[in-house]
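Taking it in order: structure first as structure tokens, then the write-up.
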Amino acid sequence: MKKEPLEFQRELLEIFGSTREMLEEEEELHRILPILDAEVITIEKTIECIEQEKPLICGSYFTCPEIFSAMDIHWYNIAAPAFFNYLALFLDDLMEEVYASVDQSRLPNSVCTAHRISTSRIEAYPVPTAFISVSHPCDGYRLTNEYFKQYRPWQNVETFDFEAPYRIDGRGMKFYASEVRSLIDFLEKHTGNKLDMARLKTVVEETNKHYELLMECNDLCRSIPSPFPSLANLFVWHMIQNSPVGNGSPETTKFIDQWIKDGVNRLEGNKDDLQDEEKIRILWTDMVPFWGMELAVLLREEFGAKIVMDLGSFSDSTDIIDTSTEESMLGGIGYRNAHNGLMLNVVHGPIDDFLQRIVFIVKNYSIDCVIGLGHIGHKDCSATQGILKDTCKKLNVHLLDFSYDCFDSRVTTVDDMKILFANFFDVMGLG
Amino acid sequence: MTNEKALKILEVFLEATNNIFNVHLREWKDKGGRITGYTCSYLPEEMISAAGCIPFRLRGKRDISLESVDGYMGQFSCTYVTHLYETVLREDLNFLDGIVVINTCDHMRRIYDNARFYNNYDFVHLTTVPRKSGRKEVEFFREELEILKNELEAQYSVHITDDRLWESIRLHNETRSLRNELYHLRKQERPPITGAETLAVMVAGTAMPKEEYNRYLKEFIDELRTEKGNDGYRARLMVVGPSIEDPEFFRVIEDSGALIVTDSTCYGTRLFQAKVDESDDDPLSALARYYLTTRPGCPHSVGQSKRSDYVKRIAQDYAVNGIIGARIKFCENWGMEHHMLDDAMKEDDIPFLILEKEYQLGGVGQVRTRVQAFLEIIEGRQL
């Protein structure tokens, strides 16, 4: 069913509102209420931008939200409809609608579902003031962005194509600094908002705090048992980088502070309960299914297994941006947005950094088993499954390889995964 | 084709196309020559020629079962890449002295990681090509070529001077001119060469010494001018897609009575549009500018609307009746590109058919059926 942008945003507001009410009844889920609140504010701001014709950017969590935050420019994520999967447990109706649009997509089934969702729901996207298009981290993202540029209602939308060098080296950093400067010029020209470098420094330093705190969250996961449920820290990452309201905000700092306190309290509390849900410690290497809450429940209830770390939640010192000079700060923003964070640190660039992270996590997080590179939309991951397998062999850690769709739980269902995990854990003597 | 000399030369091209380690490469190796493989037409072949090597566009053996590669790559890998890597693992590409990979697509860029991780070759280099084509990106790409030059020099103990680069550019520009001449003949109402034959000629040019290729091609073109040409075809078709390199695939399409008169593929017109500017001061800048800004791009790059315009222009130049978008399964690039091209061609009422295939030719019956139906649509419109 085709939806107009305002109609869709109002519907989302309603959905998030009622989801919040549902979560209020579960004390254990109260910790994610601030995330929903941020989503609600984001949608309200989007509606305000549409209704009042205020500047509105279509971008992504890797099109330098730090710059948007510093310039007080509101933005929305081009992949948002696909990302809503993360509330799939609570959003049956929405998911049905999303899947219906996927099934009607003219794109081949082999194209990543995220892009089939985006392109099939294109009419529901607000026409932005400007579009920050990307050519990374994968072919699908680049071509989806090209698709949006062709879409008739968007043909007069000003576009900035963000170029992300493939390799991480000195030349790349210099290029990023220049590219981010060009992005700033573009945004100033098309939104009328001006960037104050001092303000940007404040925002970036706040995001640095966020990432340092995320590293603390991750460090807590090294303990046995880990205090957080499977994939929980992904919510933290979302607030830091993927939330237009959360990015660069002192409120996010408070949120993560509380998150860590809750984690510490849990560790000091009933460890037996925690231990029961963590007989098997898992590292999930590829992007986790966005309907992962169902998966988290399955792993806990059926096997007492926990995904203690995934690459989306993982943070290290390369996330911290050097703000000592304008050049280093802008270069660092570009680098973070091209190479770090959900999916980027798996898919973009040569495989070396990804492997280094895997080795580090396996060695430092007491990992019992690794889930391989399985999202069917990640074609590059398909071509490096052997390398991961051999790396795990050298690390002497079990690896389970299977295909799934991050954005469509029908491809490899939770029931399918139950069988896969059961056989795997049994054969490997885990749990 | 009836011209005997032309047929003999075509045999030479077919041998080079149908055999990975063809007779020209063998002779070259026997003389102590070096061959460097590369994965994508964004790689300036001129660089490799200037290093004294034959640039060899990497291809896999088609008629092989994928036994070894299953341990390295999963089921969602494009079969060009799986066949290529299977061929590497079987050591059928051991005649290569090194390979240069371009980060063109998600499947292909991982050849670099696999080749390094498993030490398949002494020399494995990655040259990255920007997606945009502004001044900054051209400068960046020029630096990439400088790095490649240094790596080739170190690996092969050669000195790639500007003179050598210019010499190489002139040689490859000559190839471009000749290919342009060849394709020009296909604009005629009675093209002297089929699409399948043309593809064999084009692929051969990526698998033999350029000087030799240019000599054969020049003679071939001269002989073709005496041909009466093909008539009685049902429709003039264009093929748009990636590195479609199997002449048999084109032959299957043409068996239904169509004639492929042009294309926009990685072995086709995109290879020879315009020339590298020989009046530039700096050969590396000239190459960077040509490959990034002058030559038509592919879905690797931003700017899909320019590509649609290019396809329309070529379709018009060659008086095409319909376009076939051919791609290999699991190709995200072309899966989405064809979708956008389809929409663009609809604007100009140009019939567009999408054919998805594996790297090895299979499902021939289905291809024939679909092409047959497509031709009937085209013929119906002409009535």
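The values are calculated or read from the model by the stated rules, or taken from the named source; none is laboratory data. Everything numeric in this text was worked out from a predicted model, so none of it was measured. Because the Cβ atoms are built from the backbone with ideal geometry, glycine has one as well, and the counts that use them run over all protein chains shown.
Within segment A:399-417, does at least one residue satisfy the condition of being of a type outside the set (A, V, I, L, M, F, W, C) and within 29 Å of residue A:219 (Cβ to Cβ)? Within segment A:399-417, one or more residues are of a type outside the set (A, V, I, L, M, F, W, C) and within 29 Å of residue A:219 (Cβ to Cβ). Residues in segment B:106-115 that are more than 21 Å from the chain's Cα centre (by Cα) and more than 8 Å from chain A (Cβ to nearest Cβ): 1 in all.
Looking at A:117, A:184, A:224, A:132, just one residue is assigned to a strand (DSSP E or B), of a type in the set (Val, Ile, Thr) and touching a residue at least 40 places away in the same chain (Cβ under 8 Å), and that residue is A:132.
Scanning segment B:296-305 for residues that are at the interface with chain A (Cβ under 8 Å from one of its Cβ atoms) and over 30 Å from residue B:140 (Cα atoms) turns up nothing. Among the residues making up segment B:221-230, those that are in a helix (DSSP H, G or I) and in contact (Cβ under 8 Å) with a residue 60 or more places away in the chain are B:223, B:224.
Among the residues making up segment A:162-177, a single one is assigned to a helix (DSSP H, G or I), more than 19 Å from residue A:66 (Cβ to Cβ) and more than 8 Å from chain B (Cβ to nearest Cβ): A:170. May I ask you to verify whether residue A:49 is surrounded by 14 or more Cβ atoms within 10 Å (Cβ to Cβ), modelled with pLDDT of 85 or more and not in a helix (DSSP H, G or I)? It is false that residue A:49 is surrounded by 14 or more Cβ atoms within 10 Å (Cβ to Cβ), modelled with pLDDT of 85 or more and not in a helix (DSSP H, G or I).
Out of the residues in segment B:57-105 meeting the condition of being assigned to a helix (DSSP H, G or I) and touching a Gly at 6+ places or on another chain (Cβ under 6 Å), tell me which one is surrounded by the fewest Cβ atoms within 10 Å (Cβ to Cβ). The extreme case among them is B:71. Summed over segment B:329-348, residues that are under 14 Å from residue B:299 (Cα atoms), more than 7 Å from every other protein chain (Cβ to nearest Cβ) and not in a loop (DSSP other than H, G, I, E, B) total 3. Within segment A:279-330, the set of residues being among the small types (Gly, Ala, Ser), more than 21 Å from residue A:239 (Cα to Cα) and either in a loop (DSSP other than H, G, I, E, B) or out of contact with any Cys (no Cβ under 9 Å at 6 or more places or on another chain) (or both) comprises A:304, A:324, A:328. With respect to (1) in a helix (DSSP H, G or I); (2) of a type outside the set (Asp, Glu); (3) closer than 20 Å to residue A:344 by Cβ; (4) within 11 Å of chain B (Cβ to nearest Cβ), the lone exception for residue A:149 is condition (3).
In this structure, residue A:390 does not qualify as over 20 Å from residue A:280 (Cα atoms), among the acidic types (Asp, Glu) and more than 8 Å from chain B (Cβ to nearest Cβ). Touching a helix residue (DSSP H, G or I) at 6+ places or on another chain (Cβ under 8 Å) and at the interface with another protein chain (Cβ under 9 Å from one of its Cβ atoms), is that true of residue A:158? Answer is no for this residue.
Taken over segment A:55-108, the criterion of being modelled with pLDDT under 75 and assigned to a loop (DSSP other than H, G, I, E, B) is satisfied by A:88, A:89, A:90, A:91.
As for segment A:182-190, it holds no residue that is at the interface with chain B (Cβ under 10 Å from one of its Cβ atoms), crowded, with 21+ Cβ neighbours inside 10 Å and either within 14 Å of residue A:68 (Cβ to Cβ) or of a type in the set (A, V, I, L, M, F, W, C) (or both).
If you go through segment B:54-82 and keep only what is in contact (Cβ under 8 Å) with a residue 60 or more places away in the chain and at the interface with chain A (Cβ under 8 Å from one of its Cβ atoms), you end up with B:76, B:77, B:78. Considering every residue within segment B:83-105, establish whether at least one is within 8 Å of another protein chain (Cβ to nearest Cβ) and aliphatic (A, V, I, L, M). Within segment B:83-105 (the criterion being within 8 Å of another protein chain (Cβ to nearest Cβ) and aliphatic (A, V, I, L, M)), the answer is no, since none of the residues qualifies. With respect to (1) of a type in the set (Asp, Glu); (2) more than 9 Å from chain B (Cβ to nearest Cβ); (3) surrounded by fewer than 23 Cβ atoms within 10 Å (Cβ to Cβ), the lone exception for residue A:352 is condition (2). Consider segment A:12-44 and keep the residues that are surrounded by 12 or more Cβ atoms within 10 Å (Cβ to Cβ) and acidic (Asp, Glu). The one that is farthest from residue A:259 (Cα to Cα) is A:44.
Filtering segment B:23-41 for residues that are of a type outside the set (Phe, Trp, Tyr), assigned to a loop (DSSP other than H, G, I, E, B) and at pLDDT below 95 leaves an empty set. In segment A:372-400, the residues that are among the small types (Gly, Ala, Ser) form Cβ pairs under 7 Å with partners that are assigned to a strand (DSSP E or B), at six or more places apart or across chains, as follows: A:372/A:399; A:372/A:400; A:374/A:404.
Residues that are of a type in the set (S, T, N, Q) and within 22 Å of residue A:177 (Cα to Cα) occur in segment A:339-346; there is at least one.
Determine whether segment A:355-374 contains at least one residue that is part of a loop (DSSP other than H, G, I, E, B), aromatic (Phe, Trp, Tyr), away from chain B (no Cβ under 13 Å) and over 18 Å from residue B:116 (Cβ atoms). Yes, some residue in segment A:355-374 is part of a loop (DSSP other than H, G, I, E, B), aromatic (Phe, Trp, Tyr), away from chain B (no Cβ under 13 Å) and over 18 Å from residue B:116 (Cβ atoms). Scanning segment A:109-130 for residues that are modelled with pLDDT of 95 or more and surrounded by 24 or more Cβ atoms within 10 Å (Cβ to Cβ) turns up just one, A:128.
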